[in-house]
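Please read the structure below before turning to the comments.
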Amino acid sequence: MGAGSQIVSRARMATCLMDIRLIPFYLSVGAYFTLYRPYLQYPPETMDAAIVKAIPIWSLAFFVHTTKETEQTVYAKEFCVGLFFSSLGDMCLIWRETLFIPGMLFFAVAHVCYMLGLATGFNFKRTRCGVLFTLLSMCLYLFISSGISSIFMKALVLVYQGLIFGVGWLAVEHFLYDRTNSSCFGACGAALFMFSDCLIGLDKWKFHVPLAEVIIMATYYAGQMCLALSTVRN
């Protein structure tokens with residue numbers, strides 16, 4: 001790709017980030033960080049906090065649904081459903097102990113939806129980095145699971161981690177073959193989502209991570225936004 005093409009590509013990506021339909025997302029993320037200050041404390045276990053936490057994801061689902069280029073694609077429809085289940089997971093995780101498992105299950109369904117969207121038209125015979133992602137997933141699982149006492153929870157974490165790394169693998173494969181802005185957003189979004197979820201596991205079962213909540217939420221919202229932008233073909 002020449003210098004001129006790179007400039008045009010970056011300009012298009014910047015234009016996507018400034019889409020007027022993303023304003024509700026930016027405002028609602030700002031509202032969540034302002035009202036509940038995750039950089040200082042965990043949000044209270046209330047329905048109000050759960051709704052405010054989920055609004056940014058609902059706004060991204062609205063963005064995907066109202067993008068003309070994506071209305072008829074399986075990719076966009078799967079991502080829209082995935083965002084909906086993600087929002088349910090968000091609401092559950094406000095109650096960090098009592099609804100942690102339902103929250104994981106909702107996010108697991110969301111990852112299945114993302115994988116179905118990313119797998120559309122994908123040639124599994126041409127995979128480049130499937131083995132790498134499998135090894136990374138297993139190494140991280142062995143490290144985190146050593147801090148989990150429940151066999152049931154270990155099994156859930158194994159399945160969940162396989163799904164989130166599956167999303168990352170497919171997103172990176174798309175970028176390696178497409179080299180489009182859309183696939184770049186998808187790969188970045190998956191990477192941010194993986195980082196956010198891995199940080200949750202490390203903070204919960206291995207060791208305390210300073211400012212964990214704010215880092216988790218910042219990377220999570222950014223990751224979901226990038227995944228939503230990946231549905232816009234450019």
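Some points to look at:
- Short-range pairs are left out: with C-alpha atoms under 8 Å and at least six residues apart, the relative contact order of the chain is 21 percent.
- Between the range 154-199 and the range 87-124, the C-alpha centres lie 12 angstrom from each other.
- Per-q log10 I(q)/I(0), the range 88-169, q = 0.18 Å⁻¹ (Debye; single scatterer per alpha-carbon; no solvent): -0.84
- Surface share of carbon and sulfur [accessible, 1.4 angstrom probe, percent] for the chain: 71
- Accessible surface ranking for H174, H65, 1.4 angstrom probe, highest first: H65, H174.
- Among 47-53, 74-80, 96-102, sorting by the average number of other beta carbon atoms lying within 10 angstrom of each residue, highest first, gives 74-80, 47-53, 96-102.
- Gyration tensor verdict on the chain (Cα atoms; rounded if a/c is under 1.5, prolate if a/b is larger than b/c, oblate otherwise): oblate
The values are calculated or read from the model by the stated rules, or taken from the named source; none is laboratory data. Everything quoted here is computed from the prediction, not taken from an experiment. Here the Cβ is made from the backbone with ideal geometry for all residues, glycine too, and neighbour counts use every protein chain on show. Calculation scope for accessible area: heavy atoms of the full protein, side chains included, ligands and nucleic acids excluded. Shrake-Rupley method; radii C 1.70, N 1.55, O 1.52, S 1.80 Å.
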